[in-house]
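Beneath this line is the structure, given in structure tokens, with notes to follow.
The values are calculated or read from the model by the stated rules, or taken from the named source; none is laboratory data. These numbers were taken from a predicted model, which means no experiment stands behind them. Heads up, the Cβs are rebuilt from the backbone with ideal geometry, glycines too, and the neighbour counts pull from every protein chain shown. For accessibility, only protein heavy atoms count, side chains too; no ligands or nucleic acids. Shrake-Rupley method; radii C 1.70, N 1.55, O 1.52, S 1.80 Å.
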Amino acid sequence: MHTQLARDLGLEFPIFAFTHCRDVAAAVSKAGGLGVLGVAGHSVRNLATELDWIENEIGDKPYGVDLLLPAKFAGSDRGGFDADELDARIPEEHKHFLDALLAQHEVPPLPPDTRLPREFSVGYEQQREVIEFVFGRRISLIASALGPPPAWMIERGREAGVKVAALAGTVEHARRHVEAGVDIVIAQGYEAGGHTGLVSTMVLVPEVVDAVAPIPVLAAGGIGSGRQLTAALALGAQGVWAGSVWLTTEEAETHPVVKEKFLEATSSDTIRSRSLTGKPARQLRSAWTEAWEDPETPDPLPMPLQPRLVREARARIERTAHKSAGARNLSNYFVGQIVGSMNDVKSVRSVMEEMVQEYADTMTRLDDWADV
Ligand SMILES: Cc1cc2nc3c(=O)[nH]c(=O)nc-3n(C[C@H](O)[C@H](O)[C@H](O)COP(=O)(O)O)c2cc1C
């Protein structure tokens, strides 16, 4: 498993973990992989606390950060973000639909003065401050999703000795990223949790590996076991990038009701839906996704209007999911098809150790077959 990329980054195992949870990121780095903290929507102040904590926890082990840099972002052309102007563009029809949905499921309103969760997708320029800030930290990798990183980010990466990676759902995306100058392409297949395209990991990874060689490729989407890790390396990837598998670990701050639902779900229980962010994102099926799939329902709005529309509704659902059947039925979160194999709560270290052990066993099995 000592791929060139793993050696370049000083990793014991080429296992990259995307997570919004600092405990998971730190635990992966400590166990020999590379924890990557999703920082979309964080303010610099908040981020300073998170990164201080991670750096303190992992000592001299490497870690990274990930941002959403959407190429298509309603009305902003990667530029400004005027909250009032955006809110004015949300149709009344959508607000009425959402009010009716929550009323139907008897989800109570928020107590007055409740602070809404941070927005996970903000304008391009607003994130520049965050990007500049993270380059001043001890990161080894910065990744971006939903569009190629801007030239200045690539340049700052070069200056700081930080590898710049970008997620690709098609070979065309991958080529665009390489033209932009990325150091690593993350080929993310259809089965992945979160924003995802239509080409499966099995087909996408070798296509991308061939198209961008010698740029190293990480395989993402549907990877959570040692057999899947072995398959990814066999397809030509230099490592794996996993997101869903950490969501049911002991360290993950996944909402307890959602964690329970994940543990019970099968691999058929996810759907690619625009209902949370405005872009197709794989998530657990629930009464929420069913309602948005109904042909009578207004179409989800483009990013960033949809996340603004649903922000308060989502906070209401989360707050009461543990005690209200209606809110529980609606609750869900981003997760990939691998959710069907996420059946026990384990520590991050156990997940990593099991992956590595199963990789070794699989290689032995393949070697035995080769000898016959
Ligand atoms: C809960 C969740 C949130 C995600 N958010 C982001 C994100 O903000 N930025 C990003 O680059 N990828 C995001 N992703 C995608 C992951 O980076 C990764 O590519 C994906 O999870 C890999 O497929 P898997 O879910 O089958 O492991 C997210 C995935 C999940 C499950």
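List the aspartates and glutamates whose Cα sits under 13 Å from the Cα of Lys279, skipping any in the same chain fewer than 8 residues away.
Straight-distance partners of Lys279: Asp299.
Starting from the Cα-Cα distance between Val203 and His322, subtract it from 0.36 nm times their residue separation and give me the gain in nm to one decimal.
This chain segment gains 38.9 nm when fully extended.
Between Arg227 and Glu293, what length in nm is gained on full extension when 0.36 nm per residue of separation is reduced by their alpha carbon distance?
Stretched out fully, the Arg227 to Glu293 stretch lengthens by 20.3 nm.
Mean projection of the alpha-carbon convex hull of the stretch 117-207 over all orientations, in nm²?
Value for the stretch 117-207: 6.6 nm².
Measure off, as a whole percent, the carbon and sulfur share of the 1.4 Å-probe accessible area of the chain, all protein chains present.
Ligands and nucleic acids excluded, carbon and sulfur reach 49 percent.
Given 0.36 nm per residue, what is the gain on full extension from Leu263 to Arg158 after removing their alpha carbon distance, in nm?
Going from the current span to full extension adds 33.7 nm.
Would you mind working out the magnitude of the charge dipole of the chain relative to its Cα centre, with +1 at each Lys and Arg C-beta and -1 at each Asp and Glu C-beta, to the nearest 20 Debye?
My answer is approximately 300 debye.
Please give me the summed charge of the neighbours of Leu204: other residues whose Cβ is under 12 Å from its Cβ, Lys and Arg +1, Asp and Glu -1.
Counting the neighbours of Leu204, the net charge comes to -4.
Over all alpha-carbon pairs in the chain, figure out the percentage whose distance exceeds 25 Å.
54 percent
Name the lysines eligible as straight-distance cross-link partners of Lys61: C-alpha to C-alpha under 25 Å, and not fewer than 8 places from it in the same chain.
Reachable lysines: Lys30, Lys163, Lys346.
Suppose a student asked you for the relative contact order of the chain, using Cα pairs under 8 Å spaced at least 6 residues apart; what percent would you report?
Reported relative contact order: 18 percent.
Counting other Cβ atoms within 10 Å of each Cβ, which GluC sites (Glu not before Pro) in the stretch 278-329 have at most 10 and sit in a DSSP loop?
Glu296
Out of the stretch 116-199, which GluC sites (Glu not before Pro) are coil in DSSP terms and have no more than 16 other C-beta atoms within 10 Å?
Passing sites in the stretch 116-199 are Glu119, Glu125.
Does anyone have the angle between helix 126-135 and the longest principal axis of the chain? Alpha-carbon axes, 0 to 90°, nearest 10?
Between helix and principal axis, roughly 30 degrees.
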